[in-house]
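What follows is a set of notes on a single structure, which appears directly below.
The values are calculated or read from the model by the stated rules, or taken from the named source; none is laboratory data. For clarity, every value in this text was computed on a predicted model and none was experimentally measured. Cβ placement follows ideal geometry from the backbone for every residue including glycine, while neighbour counts extend to all protein chains displayed. Heads up: the accessible areas ignore ligands, DNA and RNA and are worked out on the full protein's heavy atoms, side chains in. Shrake-Rupley method; radii C 1.70, N 1.55, O 1.52, S 1.80 Å.
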Amino acid sequence: MPLFGNSWTGSINSGNGSSVGNPLSQLEGLFSPSADPEEISRKVKQFEDTYSLLFQRMDADYSKLLLEPYNANEDGSDTFRSYTSNQPRTLAKKVISLLASAKLVIRVPQAEATKDERAKYDKKERVLFGFFNQIDERLIKRLEKSLKEQSASYTAVRGWVASRNLIIKRPDGTQVIDVTTWDMRYASFGLGGDGLSWAAYKTQKSVRQIQDEWGTRMGGKEEDLYDIIDYYDTRTNTVIALGRAETSFTNMDGRTHPQVLKPAAPHSAHEVPVVIVPVGPLPKFESTSHEKAVASYGESIFAENRGIYEANNEIRSIYLELLAKSRDRTWILRSPDGEKTIEENPNETGGLIPLSTADDLSLAQLAETTKDAAIFAGMVGDELQMGGLPKTSYGDVQFTLSGFAINSLRQSVFGVLQPLLDALEWYYRRVGEQLLDQYTSGAFDPMTLSGRGNNRQYFSEEISWEELVDLPSAEFRLVAQLPQADMEKMQLSQLAREGQFPLLSDSYILDEYLGVPDVNAMQDSVKEQIAERASPVAMNYTLMESSAARGRQSLADIYTAEIQLATTKEYLQLMQMQLAQMQMQMQLMMGQAGMPPGGAPPGQPSEPAPKGEGSQPRMPMPRPQVMPPEQAGMQSGPVPQEGGI
């Protein structure tokens, strides 16, 4: 049974029993036939009977995860040594680690969106990130693992992932995102035309726990256990307790009349607030027995190797027994009458064994396996690796891998992870959609959400539900951190964008080749970097800001002076260019009016140019107000003082 039974469920009921929403629909839900305790008990029992083979498979997989000891003796004794391989648990932990470390990318498509639309889409992405961040914070406070770790574990070990997802408005007015993961071994559900028609989760609670949570005193001792069923349909939620004559969790025999712990009350969703996703690329194949058909639907990572784990343990047990016998060798003592014995152990170092000349003490022949046994052991090891992950994925690399070898390794690992990643992506999408649907219903106040978005930048803001209405659906993607030939990818990406006519656009290269989560944010960052480095003034301004932020005000003042000097130079150069252009226009206008080149009016002699050896024509000097500092005899920068700084 689960370590933590999550039977507390929230609704949008206030302290006085009033609720938010349509009163007529809620009243109809309170008297819904599907909320009848006897009917709920019957449906859960029927589901458990139908999926009994699936539950048996889940129990066997869980035993492999726990590494329950293997016994090579058919009679249950310990005569023959037994070996239990750690391969199932090692595989599970590695796969769970890869899934839990995958980066979650939430993106609303923005291909043809305007700037204002992109701002709304970004806000929707931040809301979803804020939801999942608040979910994790709440789970950690309850001493549970994060949502990503729990969902990764259930996906890998159970082959199913599920959770109940609600936004709760408490009587004191506070609002929380309450997502509780469900172990599908103890969940049941029913399907309608558009998805789930009901879902239930069964846990065990003692008489004391029931009284503490619901204030109901059950019959029996304080340590006696009851089955608690947390039931949801499309409108209501109720909690019932089933009395038991035995402690077996799945045995429903001997039950008493179901007792209601929480009366049927409307929840905040417009559907069954539960998401259930099976794992695996295979559909549900029909069979002559429905129980067999559902038993193989939604497979765990042990599916490929489930049939050879026992053979692998048996082979290793045989080798362990032979090694033990080689350590404690068997001795043969031959005497004339055949009745002589020795008290000392011949295997002990330094022992003295008295023997007569007629006695003979020798080692028995050592038992060995045949060559076929070693070949068979290698075959089983190869199949275990093909059904799981290659040894190199655990860090067992004996030599440097080439780019082709790294890509091959990535493909082999990705082939194992892809079905699980697909299931988790759909799970996150459905959870996000259910929470958004509840938030945008108008029943909740604006929430302040925080977290880190696709660009890894922290945000904290209040976002009202009105800003999220009628926006496109978000896409969810999990990017696993797998080995890859980074150098080759960078080289290919650079080749694809070089030349006058690039083969691929930068957006496509960033998205498909390099796997950048947020392409738009990355392109904006690159453009900002180009803008910073293209202008010396912009570069000095950035250095000035960084120096000031670090508390180096004297250094920031130096860059401030450099910025002012560079700006003054550019201004003076611009004025000088404008003056030269004005002079050219005046000369052109004078030439058209018939004035001599010297500029004197018609009929007046122009001033003769000075003659003499080495004489040069005088160039017109600009006004001092527009002269560069160097031409005016001023220094363009600070003069270093004698003795240095």
Please enumerate the residues belonging to segment 197-216 that are over 26 Å from the mean Cα position of the chain (by Cα) and assigned to a strand (DSSP E or B).
Ser197, Trp198, Ala199, Ala200, Lys202, Thr203, Gln204, Lys205, Ser206
Residues of segment 255-268 being over 38 Å from the mean Cα position of the chain (by Cα), of a type outside the set (S, T, N, Q) and modelled with pLDDT of 50 or more, which ones?
His257, Pro258, Val260
Mind checking whether some residue in segment 406-426 is within 19 Å of the chain's Cα centre (by Cα), modelled with pLDDT of 90 or more and either more than 19 Å from Val157 (Cα to Cα) or acidic (Asp, Glu) (or both)?
yes
Considering each of Leu128, Leu98 in turn, give the residue that is open to solvent by less than 30 Å² (accessible area, probe 1.4 Å), under 30 Å from Pro390 (Cβ atoms), not in a loop (DSSP other than H, G, I, E, B) and not charged (D, E, K, R).
Leu98
Among the residues listed as Glu314, Glu304, Glu321, the single one being surrounded by 14 or more Cβ atoms within 10 Å (Cβ to Cβ), of a type outside the set (Gly, Ala, Ser) and in contact with a Gly (Cβ under 8 Å, 6 or more places away or on another chain):
Glu304
In segment 534-552, residues that are part of a helix (DSSP H, G or I) and surrounded by 11 or more Cβ atoms within 10 Å (Cβ to Cβ) total 13
I'm trying to understand the selection: among the residues of segment 110-124, which are outside any helix (DSSP H, G or I) and touching a residue at least 40 places away in the same chain (Cβ under 8 Å)?
Gln110
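Results for (1) within 30 Å of Phe47 (Cβ to Cβ); (2) free of Cβ contacts under 8 Å to residues at least 40 places away in the same chain, shown as yes or no for each residue.
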position: Phe285; (1), (2): yes, yes
position: Glu299; (1), (2): yes, no
position: Ala311; (1), (2): no, no
position: Ser317; (1), (2): no, no
position: Glu321; (1), (2): no, no
position: Asn345; (1), (2): no, yes
position: Leu363; (1), (2): no, yes
position: Lys371; (1), (2): no, yes
position: Gly378; (1), (2): no, yes
Does segment 499-514 include one or more residues that are of a type in the set (Val, Ile, Thr), modelled with pLDDT under 75 and touching a helix residue (DSSP H, G or I) at 6+ places or on another chain (Cβ under 8 Å)?
no
Considering residues of segment 97-125 that are in contact with an Asp or Glu (Cβ under 7 Å, 6 or more places away or on another chain) and among the basic types (Lys, Arg) only, the residue nearest to Asn520 (Cα to Cα)
Arg107
Can you tell me which condition Asp183 does not meet? The list is (1) open to solvent by less than 30 Å² (accessible area, probe 1.4 Å); (2) within 25 Å of Asn455 (Cα to Cα); (3) acidic (Asp, Glu), and all the others hold.
(2)
Look through Pro354, Pro346, Pro336 and report the one residue that is over 57 Å from the mean Cα position of the chain (by Cα) and surrounded by 11 or more Cβ atoms within 10 Å (Cβ to Cβ).
Pro346
Given the conditions (1) in contact with a helix residue (DSSP H, G or I) (Cβ under 9 Å, 6 or more places away or on another chain); (2) free of Cβ contacts under 8 Å to residues at least 60 places away in the same chain; (3) open to solvent by 30 Å² or more (accessible area, probe 1.4 Å), every one holds for Arg107 apart from (2)
Of Tyr62, Tyr70, which residue is touching a residue at least 60 places away in the same chain (Cβ under 8 Å), within 30 Å of Leu322 (Cβ to Cβ) and surrounded by fewer than 18 Cβ atoms within 10 Å (Cβ to Cβ)?
Tyr70
Pairs returned, first residue in segment 186-207 that is of a type in the set (S, T, N, Q), second residue that is open to solvent by 20 Å² or more (accessible area, probe 1.4 Å), beta-carbon separation under 6 angstrom, 6 or more apart or interchain, are Thr203/Gly5; Gln204/Met1; Gln204/Leu225; Ser206/Glu223; Ser206/Leu225
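Matching residues to (1) assigned to a loop (DSSP other than H, G, I, E, B); (2) at pLDDT below 85; (3) in contact with a Phe, Trp or Tyr (Cβ under 9 Å, 6 or more places away or on another chain):
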{"site": "Leu24", "(1), (2), (3)": "no, yes, no"}
{"site": "Phe47", "(1), (2), (3)": "no, no, yes"}
{"site": "Leu53", "(1), (2), (3)": "no, no, no"}
{"site": "Tyr70", "(1), (2), (3)": "yes, no, yes"}
{"site": "Glu74", "(1), (2), (3)": "yes, yes, no"}
{"site": "Thr84", "(1), (2), (3)": "yes, no, yes"}
Across segment 217-254, the tally of residues that are modelled with pLDDT of 85 or more, surrounded by fewer than 21 Cβ atoms within 10 Å (Cβ to Cβ) and among the β-branched types (Val, Ile, Thr) stands at 1
Tell me, please, whether a residue that is in a helix (DSSP H, G or I), within 20 Å of Glu149 (Cα to Cα) and touching a helix residue (DSSP H, G or I) at 6+ places or on another chain (Cβ under 9 Å) can be found in segment 164-185.
yes
Considering each of His257, His290 in turn, give the residue that is closer than 30 Å to Leu421 by Cβ and open to solvent by 10 Å² or more (accessible area, probe 1.4 Å).
His290
Just to be sure, is Leu384 open to solvent by less than 50 Å² (accessible area, probe 1.4 Å), in contact (Cβ under 8 Å) with a residue 12 or more places away in the chain and out of contact with any Gly (no Cβ under 6 Å at 6 or more places or on another chain)?
yes
Glu528 out of contact with any Asp or Glu (no Cβ under 8 Å at 6 or more places or on another chain), acidic (Asp, Glu) and within 27 Å of Lys115 (Cα to Cα):
yes
Test Ala152 against the criterion of being surrounded by 23 or more Cβ atoms within 10 Å (Cβ to Cβ), modelled with pLDDT of 95 or more, outside any strand (DSSP E or B) and of a type in the set (A, V, I, L, M), and give yes or no.
yes
